[in-house]
Amino acid sequence: MDAVLRDLLPKLRCPEKQSTLREATAAELDALNAKIAAGAVSTVGGEKVTEALDGALVRAEGDIAYPIRRDIPILIVEEGIALGS
C-alpha cells in the first residue's frame, strides 16, 4: 500500500456503513485474486471482476472489500466485493 494511502487509512470509512477500513492481508488478497482468475467474483453491483486487484480495503465487519487500483481505493458501494463463500 502506498505511504500516502496508509496515512489516510485511519480517516477513510466504508461508503455504505461508515465503518472503519483496514488493509486486506496478503492471504486475503491472494485468495480473492485466485477467485477472480477463476471467474468467480462479482461486485456488489453485479459486475464481473476480471482484473486482479493491486490491494483491497476491508470494512470492519469483514464482509466487503473495496478494490485498490493503481494506489487508488475505489470506495463506491457498487464496486465492493463480498468476501466469504
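Here the chain is treated as an ellipsoid with the same Cα gyration tensor; its semi-axes, largest first and in whole Å, are 19, 14, 11. Couplings 3J(HN,Hα) of region 61-66, computed from phi: 5, x, 9, 9, 10, 9 Hz, in residue order, whole Hz [Karplus 6.51 cos²θ - 1.76 cosθ + 1.60, θ = phi - 60°; x for Gly and Pro]. Between 0 and 90 degrees, the angle of helix 26-37 with respect to the longest Cα principal axis of the chain falls at about 40 degrees. Net charge dipole, region 3-82: roughly 160 debye, given to the nearest 20, about the Cα centre with Cβ charges of +1 for Lys and Arg and -1 for Asp and Glu. Listed by chain and number, the lysines whose C-alpha is less than 19 Å from the C-alpha of LYS48, apart from same-chain residues fewer than 8 away, are LYS35.
Could you compute the net charge surrounding LEU8? Neighbours are other residues with a C-beta less than 14 Å from the C-beta of LEU8; K and R count +1, D and E count -1. Surrounding charge for LEU8 is 0.
Between the residues THR43, ILE64, PRO10, the greatest Cα displacement towards the positive end of the dipole of the chain, with unit charges on the Cβ of Lys, Arg, Asp and Glu, is found for PRO10.
FYI, it's all coordinate maths here, none of it is from the lab. Since we're looking at a predicted model, the values are computed, not measured. Don't worry about glycine lacking a Cβ; one is built from the backbone with ideal geometry, like all the others, and counts go over all protein chains shown.
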